[in-house]
1. Using the crude model of +1 on Lys and Arg Cβ and -1 on Asp and Glu Cβ, and no other charge, please compute the dipole size for the stretch 1-50 relative to its Cα centre, in debye to 20.
2. Tell me, in nm to one decimal, what length is gained between Arg249 and Ser115 on full extension, where the rule is 0.36 nm per residue of separation less the Cα-Cα distance?
3. Choose one of Ser149, Ala121, Phe281: the residue whose Cα lies farthest towards the positive end of the charge dipole of the chain (beta-carbon charges +1 Lys, Arg; -1 Asp, Glu; about the Cα centre).
4. Taking the Cα centre of the chain as origin and charging only Cβ (+1 Lys, Arg; -1 Asp, Glu), how large is the dipole, in debye to the nearest 20?
5. Over the chain, average the accessible area per residue using a 1.4 Å probe and give it in Å², no decimals.
6. If you average the C-alpha positions of the stretch 260-287 and of the stretch 136-197 separately, how far apart do those two centres end up, in angstrom?
7. Once you put a point 7 Å from the Cα of Tyr106 and another 7 Å from the Cα of Ile314, both along the Cβ direction, what distance in nm separates them?
8. Given the C-alpha centroids of the stretch 1-54 and the stretch 82-125, what is the distance between them in whole angstrom?
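The values are calculated or read from the model by the stated rules, or taken from the named source; none is laboratory data. Bear in mind that the values here come from a model prediction, so they are computed numbers and not experimental data. Please note: Cβ atoms are built from the backbone with ideal geometry, for glycine as well, and neighbour counts cover all protein chains shown. With ligands, DNA and RNA removed, areas are computed over all heavy atoms of the protein, side chains included. Shrake-Rupley method; radii C 1.70, N 1.55, O 1.52, S 1.80 Å.
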Amino acid sequence: DSLSLSYSYNQRLNKKEFELKHVFPTLFRNRVHLELSYSKYMEQLDKNITELGSGPKLLLSTIDQKYYLKLESLGRMNDINIQRASNHIICNEVKPNNKNSVKVGYRNMSGGMLSGYYFDAATELATSRGDSKFVKSDMTMRKYFKMLSLNSLRVVLQTNLYAGAIYPLDNSKVYMNDLFFLDNISGFTSIGHRRTTEINNQQVFRDRTGSDSICELGAKFHFVDESIPILFDHGIIPYFGVSAAYIPREDSVNRLKQLRTVQGAKQELNDHLRYSASFGFGWYVFNAIRIQMAYNAYVNYKASDVVSEFQITIGMD
């Protein structure tokens, strides 16, 4: 039985969150773990639009925390730069609304630094504002493979997969607040499709619109060399990596028609697939927190993306 206050920052979602959490004693003969919390967050959907929200959450999980059920009720509003945001986004895509959701999931993990695996899959049934109902599913996978061991050198392959999709219910509309966004991945500061405006006979990119589905794949080769103590003893590990991200526009019906033919599938990938190659160093703090410094040697991007030649990211492994 404990009470705690925490702060978290999700770099990929540009989301900052404060959470006051009460953990209750285990229930049902020590089989169920119960948490009740209240959170307040700020998530930047795009440079002109920030979502602000707060509300209670109830989390039930098995004692090993593999299976979980989350109930959530959020009051949300949008902070919009009306001088710069497009009228279409303001009037049609972004609406201040409450969100009530039920989320069930499965999570499993093992190992430590550069070893083992991580898996998390969840499905959410949600209503927003009363005129938006949807099912949202997403999955995250990470696994490590020992590829080579030669004297003091070890090469470890890290594979990553993140995928998700939204399914509207009762022909309702899914607004921008609930769509998928992807920031600060290898080679990109911001990635996705944007509305355009014609200024002085030129097309200018404005607000990002989000997507109803997403898929990101990645592979990294980590070179762990114990013979270089200045690196190894301080948890600094060089790597080389490649990644790809498929982020289509919010148009599921036409996209499915495209994918039925080989030519259509090729065109779909050509329009919506991004990829990059990078190398750099990962600095592992306490064997878990990773500060990554990368040079993105090659980035295949679309005109609406914001790319980054040098990147510093913070994450968990």
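1. Values: 8 positive and 6 negative charges, 23 e Å.
In debye, rounded to 20, the stretch 1-50 gives about 120.
2. Values: separation 134, 0.36 × 134 = 48.24 nm, distance 3.56 nm.
The span from Arg249 to Ser115 would gain 44.7 nm if fully extended.
3. Ala121
4. Details: 38 positive and 32 negative charges, 105 e Å.
Once rounded to the nearest 20, the dipole reads 500 debye.
5. Values: 17690 Å² over 317 residues.
Solvent-accessible surface per residue comes out at 56 Å².
6. 9
7. 3.4
8. If we compute the Cα centre of each part, the gap is 13 Å.
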